[in-house]
Number of protein chains: 4
Amino acid sequence: MTSVLDDTPAPAFSHALRIYWEDTDAGGVVFYANYLKFFERARTEWLRSRGFGQEQLRTELGAMFVVVHTNVRYLRPARLDDLLQISVDITDNSGAAMSFFQTARRGDDVLAEGDIRIACVDSTTFKPRRIPKAVAYTGPLSG
Amino acid sequence: MTSVLDDTPAPAFSHALRIYWEDTDAGGVVFYANYLKFFERARTEWLRSRGFGQEQLRTELGAMFVVVHTNVRYLRPARLDDLLQISVDITDNSGAAMSFFQTARRGDDVLAEGDIRIACVDSTTFKPRRIPKAVAYTGPLSG
Amino acid sequence: MTSVLDDTPAPAFSHALRIYWEDTDAGGVVFYANYLKFFERARTEWLRSRGFGQEQLRTELGAMFVVVHTNVRYLRPARLDDLLQISVDITDNSGAAMSFFQTARRGDDVLAEGDIRIACVDSTTFKPRRIPKAVAYTGPLSG
Amino acid sequence: MTSVLDDTPAPAFSHALRIYWEDTDAGGVVFYANYLKFFERARTEWLRSRGFGQEQLRTELGAMFVVVHTNVRYLRPARLDDLLQISVDITDNSGAAMSFFQTARRGDDVLAEGDIRIACVDSTTFKPRRIPKAVAYTGPLSG
């Protein structure tokens, strides 16, 4: 489990989302598998904040991301109506794959955290390919 | 299938949401059952706009809503990255149950539309009960 | 809401499934939208019992089914560990679309029931097309 | 990522399941988060094979399992209509928590594999408690 680097070059990205009935289970709390969905929504919005939609990536650049590894700890339960903040920090960015450290927070409490690794594949052949340069660049956005 | 009443007393409520990978299926479009989730997110936000969270309803007023009937037509497919507007219009509001006409639109296109009926139950006994007055009131909000 | 015809030509098909944590919500019961999934699993197994997989339909016959209308009543809650029987009865079968009446039962109790209408489309163009003959035939199976 | 122990005391348990439309995403393959659901279905059936339902555990023994850590690798895609075998092997069993190594296979191919850690909590207070003895015992079943 990687920690957020103190001197991370890219600023953390954060996405807010609300907990609905669909997200909960009979234990009265959020079903743990759904944190993977929350983490992905935040990565998708991070990508969009950089100017890329996933559909556009596929159709225009012929690139698709696939998740290859998820390592997640579930620390405290989230409940109906909670407003969560999902963070996105890049921890590795090397050619054909990227790794992220992500957290789900309610206020100051970390409810879940994990490392997610995604690989870039050709959207037709599904073979590994380099991440398009414009996407891989993670320096400060010029606005 | 009820149409939106021309002289509906309450103004239509609308909730925006984004389509993510989790919402799609191998047909390349949104999995139809997920429109029920989208409709519910919008009803939940409508309720919140009136000052009520679902969890708060349960704990403070001892009331819970259960869905008893859904009648939905799927007209056009939604795709990854689409931004949808989900509308909420009350078509019946009588004591222990409420009916809504809801649509999912992308721009001017209606992708799905349907009638959803919910009943109010006691959150402990699950027996039908009247909807709390403050919730049932659907006149104009005083702000 | 159509009832099962007394003289339905095709024998009712039934598919058994178990309720898991993933199917429930914070109300302690099955999340209503999931009955659409259960109904679909049963239709898929009905199709398989006739010799057709959905993937095979797409690749070999160029045909895909899309759900165009679902009208469902939720009568009694299902709970964790329940074993449900999902029935499939054809109520209409005319060219490019089929309708089904389906129920979810636990023992003798009907928990949910509804009418589902599906249309056949070309898997490439997504234009309506006739249901392949071998699939549409709903007389008795010769074994 | 733990490997299956060569001299594991308990025989591996396996649960078969079918891939439906609901399990797939627009990439044409199974949505990766769903493997967590598949792994849980198999653990639930493993528990049932030992004589315990999850609902019964909660009501009769006041015990509930919560997932605290999932570490999963996604190796090959599963597709519509695939029949998967989900394995369950206990890798740790110490008092108030258990760890499992699980795989999803299609024939001889491992599609996903991972380590899942669950903790036992009191179903009312949600405080950690010892796993009920009858459940924790993982020696050979006497039949």
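Things to note:
- Pairwise burial B:A, computed as accessible area of each alone minus the pair, summed, 1.4 Å, Å²: 2000
- DSSP-defined antiparallel bridges as percent of all bridges, chain B, nearest 5: 100
- Positive dipole terminus of chain A, leading residue within A:GLN85, A:PRO128, A:VAL72 (C-beta point charges): A:PRO128
- Share of Cα-Cα pairs in the range A:12-55 lying beyond 12 Å, as whole percent: 64
- For A:THR91, the amide hydrogen comes within under 5 Å of the amide hydrogens of A:SER99, A:PHE100, A:PHE101, counting only partners 5 or more places away or on other chains and with H modelled in the peptide plane.
- For the range D:1-128, the Kirkwood estimate of the hydrodynamic radius, built from every pair of different alpha carbons, is 15.4 Å.
- Rounded to the nearest 20 debye, dipole of the range D:37-143 from Cβ charges on Lys, Arg, Asp, Glu: 240
- Each helix, a run of at least 4 DSSP H residues, gives -39500 (n - 2.57); summed and divided by the residues of the protein assembly as shown, these come to -5500 deg cm²/dmol at 222 nm.
- Surface accessible to a 1.4 Å probe, per residue, for the residues of the protein assembly as shown, Å²: 43
- By accessible area, using a 1.4 Å probe on protein heavy atoms only, chain C has 51% of its surface on carbon and sulfur.
- The range D:31-122: relative contact order as a whole-number percent, Cα under 8 Å and 6+ apart: 32
- Taking only Cα atoms of the protein assembly as shown, radius of gyration then Dmax in Å: 23.9, 74
- A Gaussian network model of chain C, with springs between Cα atoms under 10 Å, assigns the largest mean-square fluctuation among C:GLY53, C:GLY28, C:GLY114 to C:GLY28.
- In terms of distances greater than 23 angstrom between alpha carbons, the cross-link table entries C:LYS37/D:LYS37; A:LYS37/D:LYS37; A:LYS127/C:LYS37; B:LYS37/B:LYS133; B:LYS127/C:LYS37 yield A:LYS127/C:LYS37; B:LYS37/B:LYS133; B:LYS127/C:LYS37.
- Rounded tilt (10° steps) of C:34-49 against the dominant C-alpha axis of chain C: 40
- The range B:64-140: chymotrypsin sites (Phe, Trp or Tyr not before Pro) in DSSP coil with no more than 15 other Cβ atoms inside 10 Å: B:PHE126, B:TYR137
- Label-point separation in nm, C:ASP109 to D:LEU75, each point 7 Å along Cα→Cβ: 4.3
- FRET efficiency estimate (nearest 0.05) - Cβ-Cβ, D:GLN85 to D:THR59, R0 45 angstrom: 0.90
- Estimated Rh, the range C:62-143: Kirkwood, alpha-carbon pairs, angstrom: 14.4
- Computed from the alpha carbon positions, the gyration tensor of the range D:37-77 leads to an equivalent ellipsoid with semi-axes of 25, 13, 6 Å, biggest first.
The values are calculated or read from the model by the stated rules, or taken from the named source; none is laboratory data. Because the structure is predicted, anything quoted here is derived from the model rather than measured. Counting neighbours? That spans all protein chains shown, and the Cβs are built from the backbone with ideal geometry, glycine included. For accessibility, only protein heavy atoms count, side chains too; no ligands or nucleic acids. Shrake-Rupley method; radii C 1.70, N 1.55, O 1.52, S 1.80 Å.
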